[in-house]
1. Quick check: anything in segment 44-67 over 17 Å from the mean Cα position of the chain (by Cα), under 12 Å from Leu151 (Cα atoms) and outside any loop (DSSP other than H, G, I, E, B)?
2. Restricting to segment 115-174, and then to whatever is under 20 Å from Val58 (Cα atoms) and among the small types (Gly, Ala, Ser), can you tell me which residue is farthest from the chain's Cα centre (by Cα)?
3. Run down Ala170, Ala155 and say which single residue is in contact (Cβ under 8 Å) with a residue 40 or more places away in the chain and surrounded by fewer than 18 Cβ atoms within 10 Å (Cβ to Cβ).
4. Would you check if there is a residue in segment 112-122 being at pLDDT below 95, touching a Leu at 6+ places or on another chain (Cβ under 6 Å) and not aromatic (Phe, Trp, Tyr)?
5. What pairs can you find where one residue is in segment 116-144 and free of Cβ contacts under 8 Å to residues at least 40 places away in the same chain and among the hydroxyl-bearing types (Ser, Thr, Tyr), the other is surrounded by 13 or more Cβ atoms within 10 Å (Cβ to Cβ) and part of a strand (DSSP E or B), and their Cβ atoms are less than 6 Å apart, with a gap of 6+ or different chains?
6. May I ask you to verify whether Asp99 is modelled with pLDDT of 95 or more, in contact with a Gly (Cβ under 8 Å, 6 or more places away or on another chain) and not small (Gly, Ala, Ser)?
7. Name the pairs: first residue in segment 62-74 and surrounded by 10 or more Cβ atoms within 10 Å (Cβ to Cβ), second residue among the charged types (D, E, K, R), Cβ to Cβ under 9 Å, at least 6 apart or on different chains?
Amino acid sequence: MTPRKLTASLLALAIAAPAIAATDGSLGATSTGTADVSVNLVTAPTPEIQISGLSDIVVEDIEVGSTTAITTPGGSACVYSPDPLSYSLELSVPDMVGDTSGAALPYTLGIGPRESSVFLGATDISSGGTTQTISSLTSSQSSSCADNTFLSINATIDPTVSGFPTTPDAFSTTITFTVTPE
């Protein structure tokens, strides 16, 4: 296509395309004007959420042969979102593993959501199982959880449960907390 034909084709196309512009009515007994409406439909922004303030759960020493369950003092975590939203908490709670023996040490992880300082009940999750999800939790709108909306976290170790190790060893594991807006 020659440059003149291309220019003529583009000019004809521009003239044929409808213009988006408001028009005024004319002076008379009635007057009608027009206004075009346009909108861009875009993908909604993904809500942002953050879990913070987690700390390691430290359990006091347990003597081999003990029959007394130990529950750690409560720790906490803040789940913050700048916008009010509900979220789900997915937890991976593997058994602790002995450094020397490789033996599994079962325990129970306790999660207790609080909203404006009101305790909403605890969910106990036994270690060693599949990933667990707790839904319909409310995020804090304070990055430091100053509004007292947070998660209480503790661990209970009961030496009377079946399969509890009977030889001295140091045990540890990593718990994974994943928060997702609902």
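The values are calculated or read from the model by the stated rules, or taken from the named source; none is laboratory data. In this text, all values refer to a predicted model and were calculated from it rather than measured experimentally. All Cβ positions, even for glycine, are placed from backbone atoms using ideal geometry, and neighbour counts span all protein chains on display.
1. Looking for residues that are over 17 Å from the mean Cα position of the chain (by Cα), under 12 Å from Leu151 (Cα atoms) and outside any loop (DSSP other than H, G, I, E, B), one finds none in segment 44-67, hence no.
2. Within segment 115-174, the match that is farthest from the chain's Cα centre (by Cα) is Ala170.
3. Ala170
4. Yes, segment 112-122 contains at least one residue that is at pLDDT below 95, touching a Leu at 6+ places or on another chain (Cβ under 6 Å) and not aromatic (Phe, Trp, Tyr).
5. Partner pairs satisfying both residue conditions: Thr123/Ile111; Thr123/Ile134; Ser126/Thr108.
6. No.
7. So the pair list comes out as Thr68/Asp158; Ala69/Asp158; Ile70/Glu60; Ile70/Asp158; Thr72/Glu60.
Residue by residue, here is whether (1) more than 19 Å from Ile51 (Cα to Cα); (2) part of a loop (DSSP other than H, G, I, E, B) holds:
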{"residue": "Val79", "(1), (2)": "no, no"}
{"residue": "Pro82", "(1), (2)": "no, yes"}
{"residue": "Leu89", "(1), (2)": "no, no"}
{"residue": "Gly112", "(1), (2)": "no, no"}
{"residue": "Thr130", "(1), (2)": "yes, yes"}
{"residue": "Leu137", "(1), (2)": "no, no"}
{"residue": "Ser144", "(1), (2)": "no, yes"}
